[in-house]
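Below is one structure; the comments refer to it alone.
We did not get these values from a lab; they are worked out from the coordinates using the rules stated. All figures in this text were calculated on a predicted structure; none of them were measured in a lab. Because the Cβ atoms are built from the backbone with ideal geometry, glycine has one as well, and the counts that use them run over all protein chains shown.
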Amino acid sequence: MKIYTKTGDSGLTSLIGGTRVPKHHLRVTCYGTIDELNAYIGLVRSYDIQKLTNDELLQIQYTLFAIGALLAADPEKSKMPLQEVTSQDILFIERAIDRMDDKLEPLKNFILPGGSQLIAHVHITRCICRRAERLIVHLAESASVSENIIGYINRLSDYFFILARKIAQETETDEIPWLSR
């Protein structure tokens, strides 16, 4: 099988199920943003991070791949069996957040993203996740999208915020509070 098919040269792509849509279609933008998020998680995993964190991120990547497939499927025409996102997937993220958050000092101010390259990359990952959430919620206004996908992506952005704080604590990197003028 060749990597190039030439079927997209006209600006259209196929959803799972065969429906042809423009490459700028909201559904394509949604699963493309999930792909971007997944790639950025791969970047974060390339750093020297704790094994538990790396393992969690790998599990998240697997789930995001499944979400991408669900978003890439035409809900009315696809017959392909796809992995669903479950309440257990959301619980996995919530437990990870709680585990990390229990060891952090409570926030008294907003914090500015950054502190190190790794922490900055985690914050960029969080921002991509928030963009994916906005796009998916927009798609859900006109198409069928599982509530579990929306819930998972919402929790996931919180996960990355807490992960950035956890890494700052582990690496003894000062968090920079935002202070109004």
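From the list Ile49, Ile60, Ile41, Ile16, exactly one residue is farther than 20 Å from Ala132 by Cβ and among the aliphatic types (A, V, I, L, M). Which is it?
Details: Ile60 fails: farther than 20 Å from Ala132 by Cβ; Ile41 fails: farther than 20 Å from Ala132 by Cβ; Ile16 fails: farther than 20 Å from Ala132 by Cβ.
That would be Ile49, the only listed residue that is farther than 20 Å from Ala132 by Cβ and among the aliphatic types (A, V, I, L, M).
Cβ-Cβ under 7 Å, sequence separation 6+ or interchain: first residue in region 4-28 and closer than 15 Å to Leu82 by Cβ, partner assigned to a strand (DSSP E or B). Which pairs?
Filtered contacts from region 4-28: Leu15/Val21; Leu15/Ala73; Ile16/Ala73; Gly17/Ala73; Arg27/Val21.
Closer than 21 Å to Met100 by Cβ, in a helix (DSSP H, G or I) and touching a Gly at 6+ places or on another chain (Cβ under 9 Å): is that true of Ile167 in this structure?
yes
When the residues of region 128-146 are filtered to those that are among the aliphatic types (A, V, I, L, M) and outside any helix (DSSP H, G or I), which remaining residue is nearest to Phe161 (Cα to Cα)?
Applying the filter and picking the extreme gives Val145.
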